[in-house]
Structure formats: C-alpha cells, structure tokens
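Below you'll find the structure, written out as structure tokens, and then a few comments.
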Amino acid sequence: KNIRHGGTKHTPWLNEVQLGLMLGFRGDTWRDQRDRLCIQLLAGTGWRRSEIARMRVEDFAEGAVKGVVKGGKDGQAAVPPWLAEEVDVWCVQAGIVSGPLLPRSIDNRRAISGEIVRDIVKRVALAVGVPAEKATPHAIRRSLATLAEARGVPLADIQKQLNHQS
C-alpha cells in the first residue's frame, strides 16, 4: 500500500548483493542443503512461504511449478532452468522421488511449515551477514519483483510469476 514515501522504499527488500549472499549459502549438512534450496525456491519463483512449504516433487514439470496459492487457487509459475536443476540435484541427494520437496528432516518426511520457512530465512541471513530486518520470506519475494522491474521485465510477467490477480 504505502511502499514509497519520498521515493524511498520502506518495506524490507534485498538488493542484488544481499540476495546473492542468501542464494550463495552453502553448508555441509542435509539441513543446510534443504535450507539452501528453500531460499532458491523463494527467490526463483517469488511464491509465498506457505506455498513454498507445500511444494511437492510432483508439482514440477516442463519448466513450471504448479500448486495451491493464496486464496486456495491453483497457481503456476515459470521455473528458471538453474532452479529446476537445483531441484533435481536436491531430490537425488535427499533420496526424494515423490511427496514434499522440503521435508522436516531425514527421518521426518512431513513437509515443513511456513513458520519453518521463516526460520530458515532468518538462519541463512544470519549465516551470510544479511541484516535481520531484511531477512523475511516476503522480503525475498519483494526483491524478486523489484529487481525484475529494474531489469525491464514487463509488469504483466512479474504479476503472473507472483500469482497476483491485479
């Protein structure tokens, strides 16, 4: 609603360097790899944290992801080739062939929650030195829209990617 005041954005979003730090997060553990993919899904699709948490392996096909989005509607978004490759690599490494893409643990294959997605973003931001006030899943969503607009992506394409009706 009131995103700009005097030409300055007041809602949190990440600049390219900060987003790059988040996307570049690496770790050695299973959890680190899952969390890295979670950040990549947020930045690559622009979907909300609950939508990311619900993603299933079966939702990915032919360069797109389908799923239930805000309002219980069916949504679809393009998946960049780099992200599709990351999803494939993760599935092989984690031994996931179907079901939740981001399980809670190696032993607990239930899907993570939106709250866990939020905690993942906070943890990764802390690990890479991104300010805490900018470390929210929705800030990553805003960053995708802001950076895409700055690069000349048509507003209609950004709207479609984010599953916005208007």
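The values are calculated or read from the model by the stated rules, or taken from the named source; none is laboratory data. What you see is a predicted model; the values in this text were computed from it and never measured. Backbone-built Cβ (ideal geometry, glycine too); neighbour counts: all protein chains shown. Surface accessibility is based on the protein's heavy atoms, side chains included, excluding ligands, DNA and RNA. Shrake-Rupley method; radii C 1.70, N 1.55, O 1.52, S 1.80 Å.
For the chain, which longest stretch is free of loop sites, where a loop site is one of the trypsin sites (Lys or Arg not before Pro) that DSSP puts outside H, G, I, E and B and that has at most 16 other Cβ atoms within 10 Å?
Maximal segment without exposed cleavage sites: 27-103.
Restricting attention to segment 15-110, which chymotrypsin sites (Phe, Trp or Tyr not before Pro) occupy a DSSP loop and are surrounded by at most 11 other Cβ atoms within 10 Å?
On the way: sites: Phe25, Trp30, Trp47, Phe60, Trp82, Trp90; in loops: Phe25, Trp47.
Qualifying residues, ordered by number: none.
To test your reading of the geometry: what angle, between 0 and 90 degrees and rounded to tens, separates the Cα axis of helix 81-94 from the longest principal axis of the chain?
30
In the chain, what percent of the accessible surface is made up of carbon and sulfur (1.4 Å probe, ligands and nucleic acids excluded)?
The C+S portion of the solvent-accessible surface of the chain is 54 percent.
Might you tell me the accessible area per residue for the chain, computed with a 1.4 Å probe and given in Å²?
56
Picking from Ala78, Ala139, Ala127, which is most flexible by a Gaussian network model of the chain using Cα springs under 10 Å?
The residue with the greatest mean-square fluctuation here is Ala127.
If you take mean projected area of the Cα convex hull in nm² from the coordinates, which of [x] 11.1; [y] 14.4; [z] 9.9 do you get?
[z]
Please determine, in degrees from 0 to 90 and to the nearest 10, the orientation of helix 114-128 with respect to the longest principal axis defined by the Cα atoms of the chain, where the helix direction is its Cα long axis.
Approximately 80 degrees, to the nearest ten.
Magnitude of the Cβ-charge dipole of the chain, K/R +1 and D/E -1, about the Cα centre, nearest 20 debye? Could the numbers behind the result be given before it?
Values: 25 positive and 18 negative charges, 141 e Å.
The calculated dipole for the chain is roughly 680 debye.
Once you have a ≥ b ≥ c as the square roots of the Cα gyration tensor eigenvalues for segment 96-166, tell me rounded if a/c is under 1.5, and otherwise prolate or oblate according to whether a/b is larger than b/c.
oblate
Projected onto the charge dipole of the chain (+1 at Lys/Arg Cβ, -1 at Asp/Glu Cβ, origin at the Cα centre), which of Thr29, Trp90, Leu19 gives the Cα projection farthest towards the positive end?
Leu19
Got a sec to turn the phi values of segment 149-159 into Karplus ³J(HN,Hα) couplings, 6.51 cos²θ - 1.76 cosθ + 1.60 with θ = phi - 60°, whole Hz, x for Gly and Pro?
4, 5, 8, x, 5, x, 4, 4, 5, 5, 4
What is the magnitude of the charge dipole of segment 50-115 about its Cα centre, with +1 placed on the Cβ of each Lys and Arg, -1 on the Cβ of each Asp and Glu, and no other charges, expressed in debye to the nearest 20?
Dipole magnitude for segment 50-115 comes out near 320 debye.
GNM, the chain, Cα, under 10 Å: largest mean-square fluctuation among Val89, Val130, Val69?
Of the options given, Val89 has the highest mean-square fluctuation.
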